[in-house]
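Here is the structure we will look at, set down as structure tokens.
The values are calculated or read from the model by the stated rules, or taken from the named source; none is laboratory data. As the structure is a computational prediction, the values presented were derived from the model and not from experiment. Cβ sites come from the backbone with ideal geometry, for glycine too, and all protein chains shown count toward neighbours.
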Amino acid sequence: MNILYIKTNDYSFAKQIYSKAITAREIINNTPESRIMGFLNDFKKKNNRDGEKIEIPYTRQEIANYTGLRVETVIRTLTKMKTKKIVQIVERKLIY
């Protein structure tokens, strides 16, 4: 029997598993607004953009898929977040 060993960066793999576990916890235990905030904060952190406003390059449907919400819920929640001045929506683009 031949065994194929693939050399990987164990730290990177552990980091991915940790990230998935955090995401799963956020999806299960939080309100729609906190799920979306978690998604937006995670995106900013992964792109080293903490503390500055950036355009989020995802559609409402993609955000819904990632957060486990229905697209209608994402749209309603983003509208509420816009009213609270947490996000901006300019020409159908999401800015956070």
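Beta carbons closer than 9 Å, at least 6 apart along the sequence or on distinct chains, pair a first residue in the stretch 40-59 that is on the phi < 0 side of the Ramachandran plot with a second that is of a type in the set (Val, Ile, Thr) and assigned to a helix (DSSP H, G or I) for Leu40/Ile63; Asp42/Ile22; Asp42/Thr23; Ile56/Ile63; Thr59/Val71.
Residue check: is Gln61 modelled with pLDDT of 95 or more and assigned to a helix (DSSP H, G or I)? So Gln61 fits the description; yes.
Filtering the stretch 65-94 to residues that are part of a helix (DSSP H, G or I) and either polar (S, T, N, Q) or in contact with an Asp or Glu (Cβ under 6 Å, 6 or more places away or on another chain) (or both) leaves Asn65, Thr67, Thr73, Thr77, Thr79, Thr83. Answer yes or no: is there a residue in the stretch 25-48 that is β-branched (Val, Ile, Thr), in contact with a Lys or Arg (Cβ under 8 Å, 6 or more places away or on another chain), surrounded by 10 or more Cβ atoms within 10 Å (Cβ to Cβ) and assigned to a loop (DSSP other than H, G, I, E, B). No, the stretch 25-48 contains no residue that is β-branched (Val, Ile, Thr), in contact with a Lys or Arg (Cβ under 8 Å, 6 or more places away or on another chain), surrounded by 10 or more Cβ atoms within 10 Å (Cβ to Cβ) and assigned to a loop (DSSP other than H, G, I, E, B).
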